[in-house]
Amino acid sequence: AKDRKEEAKPEGNSKAFAEAYTPFQAAANSASDPAAVKALIPTVAAAIQNDADKYTFGTALIAAGSKLKDTALQKQGIELALASGKAAAEQVGLFHFFLGQSAYEAKNYAEARAQYQAALQAGYTQNEPRPASAKT
């Protein structure tokens, strides 16, 4: 019975990631020094060992990017959260829509179209991804 409990246990953050993430989280929460937040990113990224780490850091980057009004940081976080495979179903479409918008603004229309289509496939219907996909 003990072995089965171990298998059913959801994957948590790795110890190395948690140690690297703690100072990043403190800096990001205060958001008083954007340079300090950004300087910690490579250290935390290097400590990622599993999908839980990817998702935790991805969502933290999205929040930090929002606080710092840094869309590149938000995009990095979204890509990491999607790569983790741990994003909730309702988040996946929104994440793809955001990546589509980002690609469209960068005039990368093929990438924008692919992201908008992924948003639609994930069931995302807000903000009209269909017409946006047709325009690209």
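The values are calculated or read from the model by the stated rules, or taken from the named source; none is laboratory data. Treat the numbers as computed from the prediction; the structure is a model and nothing was measured. Note that we place each Cβ from the backbone using ideal geometry, even for glycine, and neighbour counts take in every protein chain shown. The protein model used for the area step is the full one, side chains on, heavy atoms only, and it has no ligands, DNA or RNA in it. Shrake-Rupley method; radii C 1.70, N 1.55, O 1.52, S 1.80 Å.
Listing for the model above:
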| quantity | calculated |
| --- | --- |
| Criterion violated by residue 85 - all others in (1) within 22 Å of residue 45 (Cβ to Cβ); (2) surrounded by 14 or more Cβ atoms within 10 Å (Cβ to Cβ); (3) at pLDDT 95 or above satisfied | (2) |
| So residue 54, is it touching a Lys or Arg at 6+ places or on another chain (Cβ under 8 Å), of a type in the set (Lys, Arg) and in contact (Cβ under 8 Å) with a residue 24 or more places away in the chain | yes |
| Qualifying residue in region 48-56 (condition: at pLDDT 95 or above, closer than 18 Å to residue 17 by Cβ and of a type in the set (A, V, I, L, M)) | yes |
| Pair list, Cβ < 6 Å and 6+ apart or interchain, from region 68-79 residues that are closer than 13 Å to residue 24 by Cβ to residues that are of a type in the set (Asp, Glu) and open to solvent by less than 70 Å² (accessible area, probe 1.4 Å) | none |
